[in-house]
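The values are calculated or read from the model by the stated rules, or taken from the named source; none is laboratory data. It should be emphasised that the depicted structure is a prediction, and the values quoted were computed from it without experimental measurement. In this analysis, Cβ positions are derived from the backbone assuming ideal geometry, glycine residues included, and neighbour counts consider all displayed protein chains.
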Amino acid sequence: MSRVLLITGGSRGIGAATALLAAGSQDYMVAISYVTDRPRALAVVTEIANLGGKAIAVQCDVSKPNEVAQMFDETEAQLGKITHVANSAGITGKSSRLVDAPLEVIRQTIDINLMGAIYVSREAVRRMSTRLGGAGGVIVHLSSAAAQLGSPGEYVWYAASKGGVESLTFGLAKEVAEEGIRVNAVVPGMVDTEIHERSSGDAGRVERIRPGIPMKRIGRAEEIAQAILFLLGDESSYVTGTTLRVSGGR
């Protein structure tokens, strides 16, 4: 059976690194979702094509359940049944203390990071569950070390959303374990991606945090992608309900 991997938030950062690795070296057909930056998503699709892989870009705001369902429909219409899902879409909101954060920023972060993960998981289970006529599959969520660290003074609401993603991972894994679906999460530490400047507005955060990382360096998106691909693959066939921390010891 062909392996079809849907990656939410796949146009940049860890999602894009996962798409390139999956299509380039592991022979997945890949669908990557984006919200507004179609040129960026198509650039990833073109890069995958240049590697000899097959990929498509699908517009989707994961905070909207109807768009999530449409994303799954479009992916399956173009590539076939989805067998693997990597849920990478996420934002932090502008860095601040909780008391100073606008309510709309908090709500948007929760809606995208946590509710989006729930909507994506729900749609994936509907299509993958052997109880519902599917052939099984794998879901990997992207959490964050913030879920345990709390991110005080930066974005505790983001940390809370990722804590929710980990709870979703644990509970759903047990719920669908007998239905042919594995559910796990990767927990990155500080990674050199655009999210720090683009979403949090704190371009200096990476260098400020570096001294507190035991390995004294920032992670690369490709290192997180390797962990995601491990959990998606057959090498982790007896692994479910697990969080894999990739944080340089932090």
>> Could you go through the stretch 194-209 and let me know if any residue there is hydroxyl-bearing (Ser, Thr, Tyr) and under 23 Å from MET115 (Cβ atoms).
In response: yes
> With respect to the numbered conditions (1) touching a Pro at 6+ places or on another chain (Cβ under 7 Å); (2) at pLDDT below 95, which one is the sole condition not fulfilled by ILE224?
Replying inline: (2)
> Condition test on ALA49, is it among the small types (Gly, Ala, Ser) and either crowded, with 16+ Cβ neighbours inside 10 Å or within 10 Å of SER11 (Cα to Cα) (or both)?
Replying inline: no
> Consider SER33 against the criteria (1) out of contact with any Phe, Trp or Tyr (no Cβ under 9 Å at 6 or more places or on another chain); (2) of a type in the set (Ser, Thr, Tyr); (3) within 16 Å of ILE228 (Cα to Cα): it satisfies all of them except one. Which criterion is unmet?
Replying inline: (3)
>> The conditions are (1) touching a residue at least 12 places away in the same chain (Cβ under 8 Å); (2) surrounded by 15 or more Cβ atoms within 10 Å (Cβ to Cβ), and ALA135 fails exactly one of them. Which is it?
In response: (2)
> Here is a list of conditions, (1) in contact (Cβ under 8 Å) with a residue 60 or more places away in the chain; (2) part of a loop (DSSP other than H, G, I, E, B); (3) buried (at least 23 other Cβ atoms within 10 Å of the Cβ), and LYS94 meets all of them except one; can you say which number that is?
Replying inline: (3)
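Among the candidates VAL156, VAL138, VAL206, single out the residue that is among the β-branched types (Val, Ile, Thr) and farther than 23 Å from ALA225 by Cβ.
Details: VAL138 fails: farther than 23 Å from ALA225 by Cβ; VAL206 fails: farther than 23 Å from ALA225 by Cβ.
Just one listed residue meets the conditions, VAL156.
So in the stretch 1-19, with the set limited to residues that are touching a residue at least 40 places away in the same chain (Cβ under 8 Å) and of a type in the set (A, V, I, L, M, F, W, C), which one is surrounded by the most Cβ atoms within 10 Å (Cβ to Cβ)? Spell out how you get there, then give the answer.
Step one: filter the stretch 1-19 for residues touching a residue at least 40 places away in the same chain (Cβ under 8 Å), giving 1-18.
Subset that is of a type in the set (A, V, I, L, M, F, W, C): 1, 4-7, 14, 16-17.
On the way: MET1: 8, VAL4: 21, LEU5: 29, LEU6: 30, ILE7: 32, ILE14: 28, ALA16: 25, ALA17: 25.
So the residue we want is ILE7.
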>> Suppose the filter is aliphatic (A, V, I, L, M), within 30 Å of GLY249 (Cβ to Cβ) and within 14 Å of the chain's Cα centre (by Cα); does ILE110 pass it?
In response: no
